[in-house]
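A quick write-up on the structure given underneath.
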Amino acid sequence: MYIPMMKTRREELQVSKKLNYCFSDKIIPLFEILNEVYEKKYEVDDNGKHLMELKPGNKRKTPILKAKTPDDIITLDKINEVVNESKVFIDYFRFDVDKYDRQLDIGKMTLAYMLNNNSDEYIKKLKGITKYKNMIPVLSLKKTFTFSKRQTIEIINELQSLNLSIAFRIEDDIYEAYKNIIEKYLRESDYLLYDINEQNFYSKIMELEDLRLCKTRAKKILLNSPRRLKGANKDYENCCKTSLIDNATANEYMLYDLDGFGDYGGLKDQLPVKDSGSNGKGAALALLYNYKDNSFYSFCNSDTSLGLRGYKDVITNILNYENILDQDNNCVAYIKIKSMDSHGKTGNWATWNNIALTRYIHQIYLKTKN
């Protein structure tokens, strides 16, 4: 089983919608929800006609949006539309500010920030998932976000009474404190998501052996983030397998009798940050995963002065590797790259996150079919 972990940002949702045919019991996406999505509603007059306003700098009037209310929240409906009602994990995200070593843009994750400081609302959100039979609520415990053992049992029992399956996500360094609860209370239909974050798979051998011996009835899934958050684009090699991403988890999890693995699909575990003022500069980087050798191929134009213009050479190099990375001529990422090339386009930073994630999920899908 593979669990692609994604935030609910535009590119990740676009990839999920395009590839929702890949989702099944073998590939179940997990969404870390940062913000709510609201249905747009407009002010109308007594005849039901939109009220209009002329905003500063505009030449035409536009309809007046109504203020957002809790009744307008359509976050889970939107996700359901994206995944075409496939099975999906829902993780209302809470985060440790110190983990993300940049100036975070709280305005782009107001829900996650609020849940950081309101455990009651967090639990309420988890309970609300029961309205959607294909959605699996994720109770997530981290060093900075825990519940007492008694309260943890109460939450598990309540979520189980409302859902056919639940997931219990726990960071490895607090696992031992909750091991008895995991063994006693999780059901066969539930999931244990054991999260080692950015730690290298081979550095956790003893812990993984303990996980193998865990007597839980739940399915055991190993979560890992092999691409480091603090790595810069310019550090990556050009036209070769990168040594900066060790994707061992994708193959080696089976050695410990685990039921599956999860990761960020070639992306970083990154949160929205405020504009860093790069002025379009930076190294153009493309990362394309290849399941046949479980490696990421790196294509990098390290001339940071070029910024997005550097992708012209990156695309040329990627197409030169087509006989290695698209031997069966069935890669959806290559189709997109070729289309961009034929139209003289290079895309933006988000485009290449989209391509990396698209390639990764589709590669795992092809692997499950073989």
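The values are calculated or read from the model by the stated rules, or taken from the named source; none is laboratory data. Given the structure is predicted, the values throughout are model-derived calculations rather than measurements. Using ideal geometry, Cβ is built from the backbone for each residue, glycine included, and neighbour counts are taken over all protein chains shown. The accessibility values were calculated without ligands, DNA or RNA, using every heavy atom of the protein model including side chains. Shrake-Rupley method; radii C 1.70, N 1.55, O 1.52, S 1.80 Å.
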Exercise for review: Just flag the chymotrypsin sites (Phe, Trp or Tyr not before Pro) in the stretch 194-248 sitting in loop per DSSP whose Cβ has no more than 11 other Cβ atoms within 10 Å.
Suggested key: none
Practice item. With all protein chains present, calculate the accessible area of Asp77 using a 1.4 Å probe and round the result to the nearest 10 Å². Key: 80
Review point. Classify the stretch 56-149: rounded, prolate or oblate, from the alpha-carbon gyration tensor (a ≥ b ≥ c, eigenvalue square roots; a/c under 1.5 rounded; otherwise prolate if a/b is larger than b/c)?
Key: oblate
Review point. To the nearest 10 Å², what's His50's accessible area with a 1.4 Å probe?
Key: 90
**Study point:** Full-extension gain in nm, Asp25 to Ala232, via 0.36 nm per residue minus C-alpha separation
**Key:** 71.0 nm
Study note, to complete from the structure: If each K or R counts +1 and each D or E counts -1, the residues other than Glu85 whose Cβ falls under 11 Å of its Cβ total 0
Practice item. Along Cα→Cβ, 7 Å out, is where each label goes; now give me the distance between the ones at Asp293 and Leu54 in nm to one decimal. Key: 6.4
Revision key, fill the gap. With -39,500 (n - 2.57) per DSSP H segment of 4 or more residues and division by the full residue count of the chain, the 222 nm estimate, nearest 500 deg cm²/dmol, is -9500 deg cm²/dmol
Point to revise | Lysine pair count for the stretch 83-205 [Cα-Cα under 13 Å; pairs on different chains or 8 or more apart] | key: 5
Study note, to complete from the structure: Taking r as the C-beta separation of Asp275 and Asp173 and R0 as 30 Å, the FRET efficiency to the nearest 0.05 is 0.35
Review point. For the chain, what % of the accessible area comes from carbon and sulfur atoms, probe 1.4 Å?
Key: 47
Exercise for review: Identify the trypsin sites (Lys or Arg not before Pro) of the stretch 60-123 meeting these criteria: DSSP loop state and at most 13 other C-beta atoms within 10 Å of the C-beta.
Suggested key: Arg60, Lys61, Lys68, Arg102
Practice item. Any chance you could run the full-extension gain for Leu213 through Lys87? It's 0.36 nm times the residue separation minus the Cα-Cα distance, nm to one decimal. Key: 42.6 nm
Exercise for review: Sort Ser119, Ser86, Ser243 by accessible area with a 1.4 Å probe, largest first.
Suggested key: Ser243, Ser119, Ser86
Review point. Taking a probe of 1.4 Å, how large is the accessible area per residue of the stretch 127-183, in Å²?
Key: 45
Study note, to complete from the structure: In this structure, among Lys26/Lys78; Lys220/Lys367; Lys40/Lys369, pairs with alpha-carbon gaps over 31 Å are Lys40/Lys369
Revision key, fill the gap. Computed over the stretch 270-370, protein heavy atoms only, probe 1.4 angstrom, the accessible area per residue in square angstrom equals 46
Exercise for review: Quick one: which residues, 5 or more positions from Arg169 or on another chain, have an amide H under 5 Å from its amide H? H modelled 1.01 Å from N in the peptide plane, none for Pro or chain starts.
Suggested key: Leu139, Ser140, Leu141, Leu193
Review point. Around Val44, which amide H atoms from residues at least 5 apart in sequence, or from another chain, sit under 5 Å from its own amide H, with H modelled in the peptide plane?
Key: Leu51
Review point. Which is the longest stretch in the chain that no exposed loop site breaks, taking sites as GluC sites (Glu not before Pro) with a DSSP loop state and at most 16 other Cβ atoms within 10 Å?
Key: 238-370
Revision key, fill the gap. By the C-alpha gyration tensor axes a ≥ b ≥ c (rounded if a/c is under 1.5, else prolate when a/b exceeds b/c, else oblate), the shape of the stretch 93-248 is oblate
Review point. How long are the three semi-axes of the equivalent ellipsoid of the chain, in whole Å, if each is the root of 5 times an eigenvalue of the C-alpha gyration tensor, listed from largest down?
Key: 33, 31, 19
Exercise for review: Run down the aspartates and glutamates and flag those whose C-alpha is under 12 Å from the C-alpha of Lys66, throwing out any fewer than 8 positions away in its chain.
Suggested key: Glu39, Glu43
Study note, to complete from the structure: Net charge near Phe299 (other residues with Cβ under 10 Å of its Cβ; Lys, Arg +1; Asp, Glu -1) is -2
**Study point:** Stretch gain in nm, segment Asn329-Lys41, where the contour uses 0.36 nm per residue and the Cα spacing is subtracted
**Key:** 99.2 nm
